[in-house]
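Undergrad: Just dropping this structure here.
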There are 2 protein chains.
Amino acid sequence: MAPRQKSERVTIRTVAEDAGVSVAAVSKVLRDAYGVSDAMRLKVRQSMDKLSYRPHSAARGMRGQTYTVGVLMADIKNPFFPDIIDGIDDGLAGTQYLPLFGIGRGSSSVERAIVHAMVDRQIDGLIMIGQRMATADLDAIASEVPIVVIGHHAPEAQSFDSANNDDVRGGAIVAEHMLAQGYRRPAMITLGRNDLMSADVSQKRERGFADALRGAGFAEHDIRIASADDGLDDVTATVRALLESPEPPDAIFGWADYYALEVLSAVRALGFRVPDDIGIIGYDNAAPCAFTQNNLTSVDQFGREIGRQATRLLIERIKGRTQAEHFVVTPRLVARGSSMAPRVKAGDTLPSPSAQPDVAHK
Amino acid sequence: MAPRQKSERVTIRTVAEDAGVSVAAVSKVLRDAYGVSDAMRLKVRQSMDKLSYRPHSAARGMRGQTYTVGVLMADIKNPFFPDIIDGIDDGLAGTQYLPLFGIGRGSSSVERAIVHAMVDRQIDGLIMIGQRMATADLDAIASEVPIVVIGHHAPEAQSFDSANNDDVRGGAIVAEHMLAQGYRRPAMITLGRNDLMSADVSQKRERGFADALRGAGFAEHDIRIASADDGLDDVTATVRALLESPEPPDAIFGWADYYALEVLSAVRALGFRVPDDIGIIGYDNAAPCAFTQNNLTSVDQFGREIGRQATRLLIERIKGRTQAEHFVVTPRLVARGSSMAPRVKAGDTLPSPSAQPDVAHK
DNA sequence: CGTTCTACGTATATCGTTCTACACAATCTA
DNA sequence: TAGATTGTGTAGAACGATATACGTAGAACG
C-alpha cells in the first residue's frame, strides 16, 4: 500500500503502517503514554510482535529517554561489587531500564571521563559505586543527570541520593570484636591517600575503629592505623613493617575484603599463623571470605540490599523526585576462623613467626 | 548576530557560530574527515575548547558512529576477566572509542537481551567475553554489528573474529604437569551442562586433558572428569563424591581459577591437605592464585594480550575488514605450591584425610 | 586562455524517535 | 441546546549530529 519500502530496518513507521495507525500513536503505546485506547494498544502491540520491532535507542535519546541507566564501578577486581550489582538487577527487574557499566581504574580523571561519556550517550540516570570524586564534582554531575552514590557519605547533599552502610559503626564493630576475642594490640591497614579524594568510606571505618579503641581506654599512640596502596607488594611491605615494629599488632583489620585477603597472604608469607599469631578481619563479607583457605571474619554490609535501595532511589529521581534521600543500613559482623584465636591470652608475649612457614600452604 | 539563542546546550551549531564557519565544517573536524585546512581545524578546535563542547552521542548514532564499543562479560565474579579488560583498555587507548560493559548472569537469554540492547543503542562494535551462545547466534549478531569473541573457538567462522588461547593444549599441559609431579590418579572437575550451550572452552580443556592421559597410557575408565555448577555448595558435593569414591584422585584440575579456588576450599574443608594429599591446579593464572593461602598452580593464558588482540581485531572490523581472523596464543603453566607434592610417590597408598581438618584454617 | 583538476567549504536532506499542538467526536454541564 | 470537557487520534516540528551534493577559487595543463 504505502509506496516506500526501500529500507529493511523495522522502524516505528513500519509498525504504524502495518497497524494502520499514525506514528505518534505507536510512540504512545511504546511509552505507555496517556491517550490510547485498549483496542489500539492491542493492535499496535501485535504489529510490533509480528515485525519483531525494537525501538532504536539512539533515536529515542534525541528527544526523550533511552531507558538506560549507567553504573560506574570504581574498579572491577573488588569481589564485593557483584553483590551490589545483584541488587541493582533486582531493582531493575520488571522495568524497561537496562544497566550499562563503566569501569574506572582507581583514578578520578578516568571516572570523570566515563561519566561524561555516559551523559553524552543520554543515560537516564547513574549509579556510582565506590567512586573517588569529591562532593562538589558530584553536584556538577547531578545537574546533568540523576545520580545515586554508593560508598560515599554525603548526608547533607541535596542534589543527589546515596545508599550506604554505617561505616563508622562497622569500624567500631571490628575493634570491639577484636578485643572480645582477646586480642590486645589491634591495628588497621587502610588505603593510601595518593589520589586526592580517595574512597571516603575507608576514612569512616578508620574513625569508627579508632573511636572504639579510645572508648576502651587505648592511648592515642596505641591506636595504629597504617596505610598502603592495594596490590600484593605494597600491602606486604606495610604488613612486614608493622609486624617487625617494636610492639607488633596481634590483630589486623584490612579496610575491605579484597584488601584483607592480601593482608592475609602477606601475614602467612611472613611465617605467622592465622589466627593464632595474628587475627585478621576484613570488611564486606564478599564471597571469597567463606573459602576454607581464607575463612575470613568480615563485616557484612548487605550489599545486595544497598544495590536494591540505590536503584529504587534512582528510579524515583528519574520520575521526578527532587528532595534528597540517603539510605543507611547497619552492618553486622560475621565471625569466621581468621579472628578466633583459640588461646587464652594470658602471658602477653609478643607474637613471633611460629617455627617455619606452614609448608602445607606454601 | 544569529537571532536564535534560546537553548543553553552547546551544540555543533554553537561551535560553528563561534568559529564563524559552517556546521558541516565542524562536523568534519570532529570526525577527522577529509577536506579541512589546518587553519580551520585549529580555529574550530579552539572554539570547541572554549565552549567545552561535547558531541551528543545519540545524535551521532543516528547517522554515523557512536564511538562506543560494547563489551559483554558472561559474569562479573570471574577474577580472570579483569586481565582481559586491561588488555581492552590498552587497545582502546589513543582512540576515540569508549567501552561500555554489559554483565550477563550465566544465561544465554540474558546475554541475548544485553546484546540487543547494545545494538539498539548503536554501538559500533562488540567484544564478547566467555559468552554462552551458539555459533549460529553469533552469526546473526554479526550481521548487525562487528563482533569479536573471547573464550569461544570457531576457527571456521567467517562472520566474526575471535581471540583465544589454545585450550586443548592448556588442558594437556595440566595433565603432563600432574604426572611429572608424581601424581598417579589425576581428575578434572568442570562446568555442568545445564545451559544448552555452555562455555565451550571448558570442553576444549577437557579434551586436551583426556587426550594427554590417553597418550600416557591411561585406560578410558581411569580418565575421570566430573562436573558441577559453580558455587561452593555444588562444587563441594562433587569433590566429596570424588574423594569418597573407591579409587579417589590424588590431583584435581579445576577448569578455571575461580572454580579451582572453590575446589581448593572444598578439599581442605573435607580435611585433606594440599598439595600433600591432593594436588590442585587451576586455569587462567588470575591474581588470587598468587595469594599465600591459595598458592595455586595455574595455566597462564595471557589474558591481557588476548584483550589487546581482540580490540585490534574489532577496530579493524569497524574500519571495514570483512575477512575473518582468529588469534590464538599458546598458554604456559605457572607452577605454585598447590601442585608440588613433596613426597616421593612410592607406596601407592590411597589418600585419606590427614588426622583432623587443619584447625588454623577452619 | 579555456579546460580540468584539486582543495576547501557550504547548504541541506536525513536518521528514528518524542513532543507539541490541534482536530474531532462523544459526553457532560448549566 | 449551547458550551465545556474528556477521550482518542493525527500531523508535523523538533532533537543534534552526519553525509551527500554541490559551489568556488586557485593551480596545473595543453
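The values are calculated or read from the model by the stated rules, or taken from the named source; none is laboratory data. Worth saying up front: this structure is predicted, and the values here are computed from it rather than measured. Backbone-built Cβ (ideal geometry, glycine too); neighbour counts: all protein chains shown.
Undergrad: I'm trying to understand the selection: among the residues of the range A:15-39, which are more than 8 Å from DNA strand C (Cβ to nearest atom), part of a helix (DSSP H, G or I) and either surrounded by 12 or more Cβ atoms within 10 Å (Cβ to Cβ) or charged (D, E, K, R) (or both)?
TA: A:Ala16, A:Glu17, A:Asp18, A:Ala19, A:Ala25, A:Val29, A:Asp38 - these are the residues of the range A:15-39 that are more than 8 Å from DNA strand C (Cβ to nearest atom), part of a helix (DSSP H, G or I) and either surrounded by 12 or more Cβ atoms within 10 Å (Cβ to Cβ) or charged (D, E, K, R) (or both).
Undergrad: Which members of the range B:79-99 meet the condition of being closer than 16 Å to B:Gln131 by Cα and facing chain A (nearest Cβ under 8 Å)? Give the derivation first.
TA: From the range B:79-99, those closer than 16 Å to B:Gln131 by Cα are B:79-82, B:84-85; that's our starting set.
Passing the criteria: B:Pro79, B:Phe81, B:Pro82, B:Ile85.
Undergrad: Determine, yes or no, whether B:Leu42 is outside any loop (DSSP other than H, G, I, E, B) and either away from DNA strand C (no atom under 16 Å from the Cβ) or within 9 Å of chain A (Cβ to nearest Cβ) (or both).
TA: It is false that B:Leu42 is outside any loop (DSSP other than H, G, I, E, B) and either away from DNA strand C (no atom under 16 Å from the Cβ) or within 9 Å of chain A (Cβ to nearest Cβ) (or both).
Undergrad: Cβ contacts < 7 Å: first residue at the interface with chain A (Cβ under 10 Å from one of its Cβ atoms), restricted to the range B:52-69; second residue within 12 Å of DNA strand C (Cβ to nearest atom) and among the small types (Gly, Ala, Ser), any location; separation 6+ or different chain. Result?
TA: B:Ala58/A:Ala58; B:Ala58/A:Gly61; B:Gly61/A:Ala58; B:Met62/A:Ala58; B:Met62/A:Ala59; B:Thr66/A:Ala58
Undergrad: Hey, does the range A:197-210 have a residue that's under 19 Å from A:Ser298 (Cα atoms) and β-branched (Val, Ile, Thr)?
TA: Yes, because at least one residue in the range A:197-210 is under 19 Å from A:Ser298 (Cα atoms) and β-branched (Val, Ile, Thr).
Undergrad: Which one is surrounded by the fewest Cβ atoms within 10 Å (Cβ to Cβ) among residues in the range B:127-161 that are part of a loop (DSSP other than H, G, I, E, B) and acidic (Asp, Glu)? Break it down into steps so the answer makes sense when it comes.
TA: So in the range B:127-161, the residues part of a loop (DSSP other than H, G, I, E, B) come out as B:130-134, B:143-146, B:151-160.
Filter once more, keeping what is acidic (Asp, Glu): B:144, B:156.
Working: B:Glu144: 14, B:Glu156: 8.
Across the range B:127-161, the extreme among qualifying residues is B:Glu156.
Undergrad: Does at least one position in the range A:100-116 carry a residue that is in the same structural domain as A:Arg317 (by TED's automatic domain parsing) and within 16 Å of DNA strand D (Cβ to nearest atom)? First the steps, then the outcome.
TA: Kept after step one, since they are in the same structural domain as A:Arg317 (by TED's automatic domain parsing), are these residues of the range A:100-116: A:100-116.
Those still in the list that are within 16 Å of DNA strand D (Cβ to nearest atom) too: A:116.
Scanning the range A:100-116, I find at least one residue that is in the same structural domain as A:Arg317 (by TED's automatic domain parsing) and within 16 Å of DNA strand D (Cβ to nearest atom), so the answer is yes.
Undergrad: Ok, one more. Could you run through the range A:52-71 and say how many residues are outside any helix (DSSP H, G or I) and within 6 Å of DNA strand C (Cβ to nearest atom)? It would help to see each step written out before you state the result.
TA: Of all residues in the range A:52-71, those outside any helix (DSSP H, G or I) come to A:52-56, A:64-71.
The next check asks that each one be within 6 Å of DNA strand C (Cβ to nearest atom); those that pass are A:55-56, A:64.
The number of residues fulfilling the criteria is 3.
Undergrad: Look through B:Arg207, B:Arg184 and report the one residue that is surrounded by fewer than 19 Cβ atoms within 10 Å (Cβ to Cβ) and either under 30 Å from B:Gly104 (Cα atoms) or among the β-branched types (Val, Ile, Thr) (or both).
TA: Of the residues listed, the single one that is surrounded by fewer than 19 Cβ atoms within 10 Å (Cβ to Cβ) and either under 30 Å from B:Gly104 (Cα atoms) or among the β-branched types (Val, Ile, Thr) (or both) is B:Arg207.
Undergrad: If you scan the range A:259-299, which residues turn out to be touching a residue at least 40 places away in the same chain (Cβ under 8 Å) and among the aromatic types (Phe, Trp, Tyr)?
TA: Within the range A:259-299, A:Tyr259, A:Phe272, A:Tyr283 meet the criteria.
Undergrad: Also: Return a yes/no flag: does the range A:129-148 have any residue that is within 14 Å of chain B (Cβ to nearest Cβ) and of a type in the set (Ser, Thr, Tyr).
TA: Checked the range A:129-148: at least one residue is within 14 Å of chain B (Cβ to nearest Cβ) and of a type in the set (Ser, Thr, Tyr).
Undergrad: Only helices (runs of 4 or more DSSP H) wholly contained in the range B:221-320 count here; list those with 3 or more residues that are within 13 Å of chain A (Cβ to nearest Cβ) and more than 26 Å from the chain's Cα centre (by Cα).
TA: B:257-269
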